[in-house]
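> Pasting a structure here, questions to come.
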Amino acid sequence: MDILKTTEKLMSMDENTWARHSNPLSVYTRFSILPLFSLVFASIDVLGWWTVAALLLVSIWTWLNPRIFPAPTNTDNWASMGTFGERIYLNRHKESLIPRHHLRMCQIIMTLHLLGIPFWVSSLVTMKYSLVVLSTLWLMFTKTWFVDRMVWIYQDVKDLNPTYQSWLRTEKQQSHFRERPDSKTSN
């Protein structure tokens, strides 16, 4: 079972949603989700039954995040290319363009990430706040490492598929489209 593919289906990620999610604001604010879940669970004694409402709000934020920001005009940045690489990685079973060394490294990163989850859950159950912080940081570190690998994948395979190339839009391209030819006519 591919956890990332299952998550993509649950999130209902279509072409438009992926385009919006490539906005760096979407990518960077998405990093707030795990700390928010950690905070909610770590505050269960304070929140009581309001924990359910807080979990619902964080879940709504998780779903809304890739949808609320506009598609960026410039995608020549780490965050945007991270989402492009993720799309390519999710499509790896249909189109095997990703070099083996990247796939091997993704497996290592995902394994390290998954190994952190039981520690995170355990720290939340036992309410050991220092472990909540450490395990949350570990999961954030491995997630960031994974996104960085996705950027690398995108950079390595973008020239192999015209669709992948079309996702990259630079400031230079945008200014070229905005320029208008000189309308002056010579006398």
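> Suppose the filter is touching a residue at least 12 places away in the same chain (Cβ under 8 Å) and either in a helix (DSSP H, G or I) or touching a Lys or Arg at 6+ places or on another chain (Cβ under 9 Å) (or both); does residue 148 pass it?
When the stated conditions are applied, residue 148 passes them.
> Among the listed residues 39, 57, which satisfies the condition of being at pLDDT 95 or above, at negative phi and surrounded by fewer than 16 Cβ atoms within 10 Å (Cβ to Cβ)?
Step by step, each of 39, 57 is checked, and only 57 is at pLDDT 95 or above, at negative phi and surrounded by fewer than 16 Cβ atoms within 10 Å (Cβ to Cβ).
> Does the stretch 70-89 hold any residues that are over 12 Å from the mean Cα position of the chain (by Cα), surrounded by fewer than 17 Cβ atoms within 10 Å (Cβ to Cβ) and either among the charged types (D, E, K, R) or assigned to a helix (DSSP H, G or I) (or both), and which are they?
The one that is over 12 Å from the mean Cα position of the chain (by Cα), surrounded by fewer than 17 Cβ atoms within 10 Å (Cβ to Cβ) and either among the charged types (D, E, K, R) or assigned to a helix (DSSP H, G or I) (or both): 76.
> Is one or more of the residues making up the stretch 157-168 buried (at least 16 other Cβ atoms within 10 Å of the Cβ), assigned to a helix (DSSP H, G or I) and either among the β-branched types (Val, Ile, Thr) or in contact with an Asp or Glu (Cβ under 7 Å, 6 or more places away or on another chain) (or both)?
Looking through the stretch 157-168, at least one residue is buried (at least 16 other Cβ atoms within 10 Å of the Cβ), assigned to a helix (DSSP H, G or I) and either among the β-branched types (Val, Ile, Thr) or in contact with an Asp or Glu (Cβ under 7 Å, 6 or more places away or on another chain) (or both).
> Something else: May I ask you to list the residues in the stretch 96-121 that are surrounded by 13 or more Cβ atoms within 10 Å (Cβ to Cβ), of a type outside the set (A, V, I, L, M) and farther than 24 Å from residue 137 by Cα?
Of everything in the stretch 96-121, just one residue is surrounded by 13 or more Cβ atoms within 10 Å (Cβ to Cβ), of a type outside the set (A, V, I, L, M) and farther than 24 Å from residue 137 by Cα, namely 99.
> Can I ask one more? Which of the helices (runs of 4 or more DSSP H) contained wholly in the stretch 19-69 include at least 2 residues that are more than 20 Å from residue 134 (Cα to Cα)?
24-30, 44-47, 50-68
> Scan 137, 124, 112 and give me the residue that is assigned to a helix (DSSP H, G or I) and at pLDDT below 95.
124
The values are calculated or read from the model by the stated rules, or taken from the named source; none is laboratory data. Computed from a predicted model, the values in this text were never measured in an experiment. A quick note on method: Cβ atoms are made from the backbone with ideal geometry, for glycine too, and the neighbour counts reach across all protein chains shown.
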